[in-house]
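The values are calculated or read from the model by the stated rules, or taken from the named source; none is laboratory data. Keep in mind it's a predicted model, so treat the numbers as computed, not measured. In this analysis, Cβ positions are derived from the backbone assuming ideal geometry, glycine residues included, and neighbour counts consider all displayed protein chains. The accessibility values were calculated without ligands, DNA or RNA, using every heavy atom of the protein model including side chains. Shrake-Rupley method; radii C 1.70, N 1.55, O 1.52, S 1.80 Å.
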Amino acid sequence: MAACAVCCASLFTSCDTDEGVETDSTLWSGTLADAPYAADAVCYELTDSPIKTIELTGSGLYFVTYDENQPMYAPARFKANRKVASRASEVSNVKCGSFVKTGTNTFDLKDFGILTYDSTSKNLTVTNAGVKVYIGVAIASTRIQSTSLNDRLCRTWEFYAARVEFLDRNKEKVGEHVFTEAEMKDEFIEFFTFTRSGRMYEYDCGFWYAYTWKWINTKNQIIMAIPDNESDGDGAFQVFFKNDKMTILEVEPFESEYDLQWYYNDYDFDVPSTAIYTKLYLECQPFNI
């Protein structure tokens, strides 16, 4: 498969949320400190502006989303799941970069401007080289409740390892493949972010892809992600935590053994002929901004 000549499929594949989940103690162990800007994480909703939202995340990334009629923005650098030949939402109205806090409610958004928010008047100002880029009323959206689970999840992550298990019709394991470093580079994105406003962003090949996420089963730590572009398809997945690592589990049933074989036909490894289910384990760690 091509690398950045094509765009990636969603991090989230559709699956039955009651099928293949794990419920033992491996779901949660150890601790992880809050993201460095967790207390400052906020999403501002702007009015009467081509800018729809400006969001500061716990890991130190900002996301600016524009009206769909505005031009696309993307950072010069920066790769989350399987790549395919096309993707419906390959035009992205999202700009991203890093930020630093320079004062009370004042932040320097790299390559965008200085953001200042007056919590009393609700006025938000963005200046760039002394020129006002935006000034007006902004609403700070409601933050997701601070819980151990949310605080651990809401940050920027990257993949560092991946493997797929193949199961037969009896859901017995009949094979496994561990992705090589080269396959990881070709097949998976560099990083993705869960935000405190319930948004999720993933990046690949110069494009950002945006979602809304929510817990659909906190006990078993299952998340549903709904893309901004409906043609991308929504999906559910399970997450596991151990200290500073997170594992994403995607369970996918195929209609036939042939469909599964076709799905993996571009790989250099053999897929068992009896396999009809896959369990994809994606190992993640906090991304160093």
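Take ASN93 and decide whether it is at pLDDT below 90, open to solvent by less than 60 Å² (accessible area, probe 1.4 Å) and touching a Leu at 6+ places or on another chain (Cβ under 6 Å).
Values: at pLDDT below 90: yes; open to solvent by less than 60 Å² (accessible area, probe 1.4 Å): yes; touching a Leu at 6+ places or on another chain (Cβ under 6 Å): no.
So ASN93 fails the test.
Examine region 197-208 for a residue that is of a type in the set (D, E, K, R) and open to solvent by 20 Å² or more (accessible area, probe 1.4 Å), and state whether such a residue exists. Show your work before the answer.
As a first pass, look at region 197-208 and keep what is of a type in the set (D, E, K, R): 199, 202, 204.
Then keep just the ones that are open to solvent by 20 Å² or more (accessible area, probe 1.4 Å); that gives 199.
Within region 197-208 (the criterion being of a type in the set (D, E, K, R) and open to solvent by 20 Å² or more (accessible area, probe 1.4 Å)), the answer is yes, since at least one residue qualifies.
Matching residues to (1) closer than 30 Å to ASP270 by Cα; (2) in contact with a strand residue (DSSP E or B) (Cβ under 9 Å, 6 or more places away or on another chain); (3) among the hydrophobic types (A, V, I, L, M, F, W, C):
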{"residue": "SER146", "(1), (2), (3)": "no, no, no"}
{"residue": "THR156", "(1), (2), (3)": "no, yes, no"}
{"residue": "PHE159", "(1), (2), (3)": "yes, yes, yes"}
{"residue": "ASP204", "(1), (2), (3)": "yes, yes, no"}
Which number in (1) modelled with pLDDT under 90; (2) open to solvent by 90 Å² or more (accessible area, probe 1.4 Å); (3) among the aromatic types (Phe, Trp, Tyr) marks the one condition that TYR160 misses? (1)
Of all residues in region 261-289 being part of a loop (DSSP other than H, G, I, E, B) and aromatic (Phe, Trp, Tyr), the one that is farthest from GLU190 (Cα to Cα): PHE269
Cβ contacts < 7 Å: first residue part of a loop (DSSP other than H, G, I, E, B), restricted to region 155-179; second residue open to solvent by 30 Å² or more (accessible area, probe 1.4 Å), any location; separation 6+ or different chain. Result? ARG155/PRO286; ASP168/VAL174; ASP168/THR274; LYS171/TYR277; PHE179/ARG163
Taking region 216-260 as the search range and keeping residues that are under 17 Å from ASN150 (Cβ atoms), of a type in the set (S, T, N, Q) and not in a loop (DSSP other than H, G, I, E, B), which one is least open to solvent (accessible area, probe 1.4 Å)? GLN238
Looking at (1) surrounded by fewer than 19 Cβ atoms within 10 Å (Cβ to Cβ); (2) at pLDDT below 95, can you tell me which one LEU32 breaks? (2)
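In region 48-79, what count of residues is obtained for those that are modelled with pLDDT under 85 and not hydrophobic (A, V, I, L, M, F, W, C)?
Adding up the residues that qualify gives 10.
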